[in-house]
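Reviewing the structure listed below.
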Amino acid sequence: MIRERALDRPDVAAMILDVWDGEPDLAPHRLEDPRLLLASPHVAGYSLEAKIDATAQVHRALASWLGRSPWWTGAELLPTVDLAADGARDLPTLLHQVVDLPGDDARVRALATLDEPARSRAFEVLRRNYRLRREFRSCRVGPAADPAILADAQKIGLITD
C-alpha cells in the first residue's frame, strides 16, 4: 500500500498498481502516467485460494464460538494446477496461463477515456466480473521447462519439481 500522491515524486521511476486511491473513482492522470508499468483492478483477493482461505477463517471462528475444534481447511478444493511448460519462452509466457496481466492492464488503462461516473462504474464491473484465478502457490511447473524459467518460477512461489 502506498499513498498515491507519493508516486508524484520525481524519484519514482516506475510503478505497478493494484490498489487505487479513491476507488472506484480512479484518477485518469494516474492511468495515463508513463511510469505506470502495470495496472490491475484491485483483485488481489480474487483467487480461488483467497476465497477458500476466507471461508476457512470464518469456519475456524464459528467453530471457536461454538466451542468446537475446526475440522475444515478447504484443501480438498484446491488441487494443484499443472502449467504447460514446454514451449514457454520466458516466465511471462508461463504466467499467462495463470493470470492475464497484459489484458488486465489494458482493461484498466482503457478506463482513462471514460468520464465520471462511467469510469467508476466500469471499474466496479471489472472487479465484479473478474475471472476466478489460481495463486502461484498452487501451480506446478513441470521439469520440461527451461532451467532459467524454473529458477525464476521458484523465486515467485510456483511449485517446481
Rounded Å value of the spacing that divides the Cα centres of segment 105-161 and segment 29-43: 14 Å
How are the Cα pair distances of the chain distributed, in percent, across 10 Å bins from 0? 9, 28, 29, 24, 9, 1
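Quick one: work out Rg over Rh on the C-alpha atoms of segment 79-146, Rh as Kirkwood radius.
On the way: Rg = 15.8 Å, Rh = 14.0 Å.
Reported Rg/Rh, Kirkwood definition of Rh: 1.13.
Within segment 36-110, list the chymotrypsin sites (Phe, Trp or Tyr not before Pro) lying in a DSSP loop whose Cβ has at most 14 other Cβ atoms in a 10 Å radius. Working shown, then result.
Working: sites: Tyr46, Trp65, Trp71, Trp72; in loops: Tyr46, Trp71, Trp72.
Within segment 36-110, the qualifying chymotrypsin sites (Phe, Trp or Tyr not before Pro) (loop, at most 14 other Cβ atoms within 10 Å) are Trp71, Trp72.
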For segment 12-68, one quarter of the surface area of the C-alpha convex hull, expressed in nm², comes to 5.8 nm²
Count charges around Gly74 for me, please; just the other residues with Cβ under 12 Å from its Cβ, Lys/Arg as +1, Asp/Glu as -1. -1
Can you compute the equivalent ellipsoid semi-axes for segment 36-92, i.e. the square root of 5 times each eigenvalue of the Cα gyration tensor, sorted largest first and rounded to whole Å? 34, 18, 6
Counting other beta carbons within 10 Å of each Cβ, put Phe123, Phe136 in order, fewest first. Phe136, Phe123
5 angstrom amide H check on Glu135, placed H, neighbours 5+ away: Leu48, Glu49
Can you put Asp100, Asp25 in order of Cβ neighbours within 10 angstrom, beginning with the fewest? Asp25, Asp100
Ascending count of other beta-carbon atoms within 10 Å, so fewest first, for Ile52, Ile16: Ile16, Ile52
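Readers should treat all values here as calculations from the given coordinates under stated rules, not as data from a laboratory. None of these values were measured; they are calculated from a predicted model. Please note: Cβ atoms are built from the backbone with ideal geometry, for glycine as well, and neighbour counts cover all protein chains shown.
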